[in-house]
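Have a look at the structure below before the remarks.
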């Protein structure tokens, strides 16, 4: 169970009305609804309001209540379905939240997409809240608020997070900070050099590190190790390998985080992942809000069951974010317990194949035990549109159906949501950053040792058991470690494959493909193979300009020509 000190991020803010807005003129005319002047807000309320923006759900007053169904902070729409690790899912290609999720999967992007516009707005809503908090805190006198410096450090890290998300998704972004006058916001172009944005992100993180303690009492608050992890990630995206090693080593040597022992519990049990999650979006139930402070960005992603005649967890789930056949095939292993780098996708996964045990923690398969659900194994009818998207369903980062942290009411809504946090940075992710930096700098032995550490956790974690005979494993699981003496080229291949398996459908894959410079060639091969399984992919093609989303046309129009569209759109 979570402690009482958990940082509550209440989506509706419970009376904390903060001046927020995007950078379009209308948003900056201060049309807020039921808001309170910054001068009347307590500093803690301003900081909490910035944290609350992490889940991209806003009640903005001038807009409808903005639920992130089409632009989730988990990046399942902008990463997983664009990378080939998942299909959009749902009730067919026309079942299309925001009018653009299917187009994200088929790489047919357009500037008028509501998905991109809502994502842009959500990121900049968050930035406005962060800047409001920073502006308030820096103007306090010494001694007026004893946590001023610590809270500033938290806000600087949150600002780095939001700009990081903007960079990953849009590339050409608008940058401003707490010192930018409101009247100048609409005159700032979106043509900053990427190096400039990275420098600003690093500046914020270094400021945060200088202000923050290494740990905090309140679970969920940013500390210096979170800031260092983000700094390592910023260096990773710029291929500044020595800096990656410096920052990851500090986080590792702090001893604050570890790989937890049970993978299923990590993805299913609220609170179990606290020691592995370096930074996570916190969720809660029974907190005074209408449904709970829940991960509404992933609301649609649970399967259509499990349920029985008397118990209905997940009932009527929408079955979006469905794992792809290609991803399932990637979990096949050879007789040596190692991945089949070049041949895994030649034949579809069969029931008797040797597989990495992480498969059945990641992907729901018919006939396989579903977490702690005892009435039945997974059934084919848990999928809504088998003909279009197949039988696999999302299983990862989904709360146990019997958990007392599940928020669903007797009719099922909000389905599989509950107080299970969503990890933005996990310790396993950070370890693989260090492995990548080690291999890229020629220290292959260290890199492979780290990869083997990840694989040993999977080997030693409890396996999914057969539904009919719980003393037996549910599949032919086999996983082993790599031997020493691997070439750098092979080590890079092993590292990239390990990231795919360990972090599958956690919102990282597409951004990895882009930063590795292989997104176009990889997705071309994926589509050429997958379109025979999923005909709706026929003709899909990822052009280089589609590595980043188009700048929303609404924003370009509102800027009066200040913003420019990315080339190719």
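Taking residue 281 as the residue in question, decide whether it is surrounded by 20 or more Cβ atoms within 10 Å (Cβ to Cβ), touching a residue at least 24 places away in the same chain (Cβ under 8 Å) and at negative phi. Considered against the rule, which asks whether it is surrounded by 20 or more Cβ atoms within 10 Å (Cβ to Cβ), touching a residue at least 24 places away in the same chain (Cβ under 8 Å) and at negative phi, residue 281 comes out as yes.
Taken as a whole, segment 435-452 holds at least one residue that is surrounded by fewer than 20 Cβ atoms within 10 Å (Cβ to Cβ), closer than 18 Å to residue 504 by Cα and not assigned by TED's automatic domain parsing to the domain that holds residue 240. The set of residues from segment 556-565 being closer than 20 Å to residue 194 by Cα and crowded, with 18+ Cβ neighbours inside 10 Å comprises 556, 563.
Every test in (1) out of contact with any strand residue (DSSP E or B) (no Cβ under 7 Å at 6 or more places or on another chain); (2) surrounded by fewer than 17 Cβ atoms within 10 Å (Cβ to Cβ); (3) over 20 Å from residue 326 (Cβ atoms) is passed by residue 466 save one, and that test is (1).
Of 266, 327, all but one fail to be closer than 26 Å to residue 477 by Cβ, within 24 Å of the chain's Cα centre (by Cα) and free of Cβ contacts under 8 Å to residues at least 12 places away in the same chain; the exception is 266.
Out of 387, 367, one residue alone is touching a residue at least 60 places away in the same chain (Cβ under 8 Å) and surrounded by fewer than 21 Cβ atoms within 10 Å (Cβ to Cβ). It is 367. In segment 480-558, counting only helices (runs of 4 or more DSSP H) that sit wholly within it, the ones holding 2 or more residues that are more than 23 Å from residue 108 (Cβ to Cβ) and within 26 Å of the chain's Cα centre (by Cα) span 488-502. If you go through segment 348-364 and keep only what is outside any helix (DSSP H, G or I) and touching a strand residue (DSSP E or B) at 6+ places or on another chain (Cβ under 8 Å), you end up with 349, 352, 353, 354, 355, 356, 357, 363, 364. Considering (1) in contact with a helix residue (DSSP H, G or I) (Cβ under 8 Å, 6 or more places away or on another chain); (2) crowded, with 22+ Cβ neighbours inside 10 Å; (3) at pLDDT 85 or above, the lone condition that residue 294 does not fulfil carries the number (1).
When residue 305 is tested against (1) outside any helix (DSSP H, G or I); (2) free of Cβ contacts under 8 Å to residues at least 40 places away in the same chain; (3) crowded, with 23+ Cβ neighbours inside 10 Å, just one condition goes unmet, and that condition is (2). Listed conditions (1) over 30 Å from residue 381 (Cα atoms); (2) modelled with pLDDT under 95; (3) touching a strand residue (DSSP E or B) at 6+ places or on another chain (Cβ under 8 Å) are all met by residue 97, apart from (1).
The values are calculated or read from the model by the stated rules, or taken from the named source; none is laboratory data. Note that the structure is predicted; figures quoted are calculated from it, not measured. Note that we place each Cβ from the backbone using ideal geometry, even for glycine, and neighbour counts take in every protein chain shown.
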